[in-house]
Amino acid sequence: MQEQTETKVKVDRALAPVGTCVTLSDRFISEENPLGILTDAAILIEGESVVWVGKQDDVPARFDLSAADIQDFSRQTVLPGLIDAHTHLVFAGSRAAEFDMRVHGDTYLEILAKGGGIQATVRATKEASFDELYEMGMRRLDVLLREGVTTVEAKSGYGLSVEGELRLLEVLEALNRDHAVDVVPTFLGAHTVPREYKDAPEKYVALVIEEMIPRVAERNLAAFCDVFCEEGVIDVKTSRKILEAASRHGLKLKLHADQLTNSGGGLLSAELKATSADHLEYFPEDEVPRFREGGVVAVLLPVAAQYLMMQKTPPVHAFLSHGVPVALATDFNPGSAPCLSLLTAMTIGACLYRIPTEVVIKGVTLHAARAVGIEGKIGRIEAGYQADLSVFPVRDYRLIATTYGGVLPQRVMKRGHWRFVTENCGPAEGL
Ligand code: NIG
Ligand code: FE
């Protein structure tokens with residue numbers, strides 16, 4: 001008896017019963033149950049981690065719940081904290097005027113070539129102080145947290161000088177330190193070649209390779225290096241040079257690939273075994289098996305495709321049939337995706353690509369965790385995983401993915417603590 005008490009695991013919190021628990025755990029996933037959904041479940045938490053999940057009736061006797069805070073979510077759906085695997089979170093200024101320019105026929109790349117687009121945001125961002133960028137970043141993370149997002153990938157790329165890029169990464173470092181939401185930082189010094197280097201782009205590329213990457217890596221300011229690989233922006237040959245340099249400095253790789261033309265970025269990502277390739281509208285369907293071989297996650301960005309009024313969609317169904325992990329993200333940025341709502345992006349993606357809700361849910365949990373390089377810790381509700389959870393006020397999980405953010409979470413937990421609690425759960429509550 002004495003021995004048994006000593007070996008008992010003390011539980012701090014328990015969510016029990018949980019009406020619909022979307023675990024994404026290998027123990028519960030099957031052909032009939034692709035998301036590993038449990039009904040009448042229990043989730044036990046100790047400190048920052050989940051220590052057990054299963055049917056409420058099966059809670060093992062080794063868990064001591066006598067001092068646990070136990071909450072009833074029998075009428076709710078609990079999902080792992082959502083992950084937005086592609087954002088340009090920190091910038092200043094507006095690009096509203098470009099929308100009408102595009103409606104009247106200018107393309108995204110023409111606007112960029114004229115010194116607008118990304119370069120307009122670089123100018124506005126330079127004018128903003130560190131504190132202003134930090135404050136905007138904190139508010140934007142609040143908005144994402146309110147949707148159930150607990151981890152966000154965020155890129156630099158609106159500095160485009162040594163100091164400018166380092167400053168944005170320092171803002172991201174401060175946001176990660178101060179906000180409940182985890183921020184995974186990506187260095188995107190090769191977002192475009194700034195206008196002042198128009199006649200000597202190789203000089204800017206040298207700056208990225210010889211100064212920016214070593215300093216970013218030395219100060220551990222980024223987990224990933226990304227490149228906007230596109231003919232007329234950063235071509236494949238240059239992208240390869242930049243990414244190989246980043247890899248030598250220990251950074252993991254991502255690419256904005258084949259968004260506006262088939263320029264070879266997708267194939268490069270497979271060859272370099274990048275963690276993810278993002279956009280992919282022009283990635284050729286017959287090359288999809290290379291992604292599987294390279295272990296690349298395909299990150300779909302449906303808001304950008306819709307906002308740029310694109311006609312073409314990525315070979316999504318080929319990715320799925322070849323077992324390529326598919327993630328979905330907002331691509332939040334002022335030019336091509338000014339939409340700070342992962343739930344909206346999920347519904348747009350579901351419609352645009354004709355994909356079932358289970359694919360969408362995996363795309364913002366399990367597969368998104370892989371796209372940000374922290375699978376094994378987030379993206380599932382499973383023993384040993386971080387206790388990042390979103391509680392939605394509906395029993396049917398499909399409503400979360402298909403109502404453009406109409407069902408908002410009631411509670412959001414990050415690392416074992418409730419970071420957001422409300423009674424107001426959006427217009428679609430009670431559906
Ligand atoms: O993911 N494609 C390149 N980069 C961003 C857009 C950035 C911007 O226009 O400011 C994107 O769509
Ligand atoms: Fe992007």
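Of note:
- Euclidean distance between Cα centres, segment 298-373 to segment 105-182, Å: 20
- Note: relative contact order over the chain, using C-alpha pairs below 8 Å and six or more positions apart, is 18 percent.
- Each other residue within a Cβ distance under 12 Å of Tyr134 adds +1 if Lys or Arg and -1 if Asp or Glu, for a net charge of -2.
- Sequence-separation-based contact order of segment 131-237, relative, with Cα cut under 8 Å and 6+ spacing, percent: 27
- Centre-to-centre separation between the Cα atoms of segment 244-294 and those of segment 400-415: 31 Å.
- DSSP assigns beta bridges within the chain; of those with both partners inside it, close to 45 percent run antiparallel.
- On Cα atoms only, tilt of 162-178 relative to the major axis of the chain in degrees: 10
- For the chain, calculated [θ]222 nm from helices alone, where every DSSP H run of n ≥ 4 adds -39500 (n - 2.57): -9000 deg cm²/dmol
- Under a 5 Å amide H cut-off, with hydrogens placed 1.01 Å from N, Val297 pairs with Ser276, Ala277 among residues at least 5 apart or on other chains.
- Length released on extending from Thr7 to Lys203, taking residue separation times 0.36 nm less the Cα-Cα span: 64.2 nm
- Net lengthening on full extension, Glu173/Ala96 (0.36 nm per residue, minus Cα-Cα): 24.9 nm
- Accessible area (Å², per residue) of segment 1-114, counting only protein heavy atoms and a probe of 1.4 Å: 49
- Solvent-accessible area of Asp72 with every protein chain in place, 1.4 Å probe, in Å² to the nearest 10: 90
- 0 to 90° range, to nearest 10: angle between helix 130-146 axis and the chain longest Cα axis: 40
- List Val391, Val122, ordered by accessible area with a 1.4 Å probe, largest first: Val122, Val391
- The chain: angle of helix 342-353 to the longest principal axis, Cα-based, in degrees nearest 10: 70
- Rounded to the nearest 10 Å², the accessible area of Glu196 at probe 1.4 Å: 140
- Above-threshold pairs, the threshold being 27 Å between Cα atoms, out of Lys241/Lys414; Lys126/Lys414; Lys252/Lys377; Lys155/Lys377; Lys10/Lys362; Lys55/Lys414: Lys241/Lys414; Lys126/Lys414; Lys10/Lys362
- Cα-based reach from Lys198 at 18 Å (exclusive), listing lysines while leaving out same-chain residues under 8 positions away: Lys114, Lys237
- In the complete set of protein chains, residue-level accessible area for Lys273 is approximately 140 Å², probe 1.4 angstrom.
- GluC sites (Glu not before Pro) within segment 20-81, DSSP loop, no more than 16 other Cβ atoms inside 10 Å: Glu31, Glu32, Glu48
- Working note: Debye formula, equal point scatterers on the alpha-carbon atoms of the chain, no solvent; log10 I(q)/I(0) at q = 0.07, 0.09, 0.10, 0.13 Å⁻¹ is -0.34, -0.55, -0.67, -1.09.
The values are calculated or read from the model by the stated rules, or taken from the named source; none is laboratory data. Note that the structure is predicted; figures quoted are calculated from it, not measured. Virtual Cβ from ideal backbone geometry, glycine too; neighbours counted across all protein chains shown. Protein only, heavy atoms only, side chains kept; ligands, DNA and RNA dropped before computing areas. Shrake-Rupley method; radii C 1.70, N 1.55, O 1.52, S 1.80 Å.
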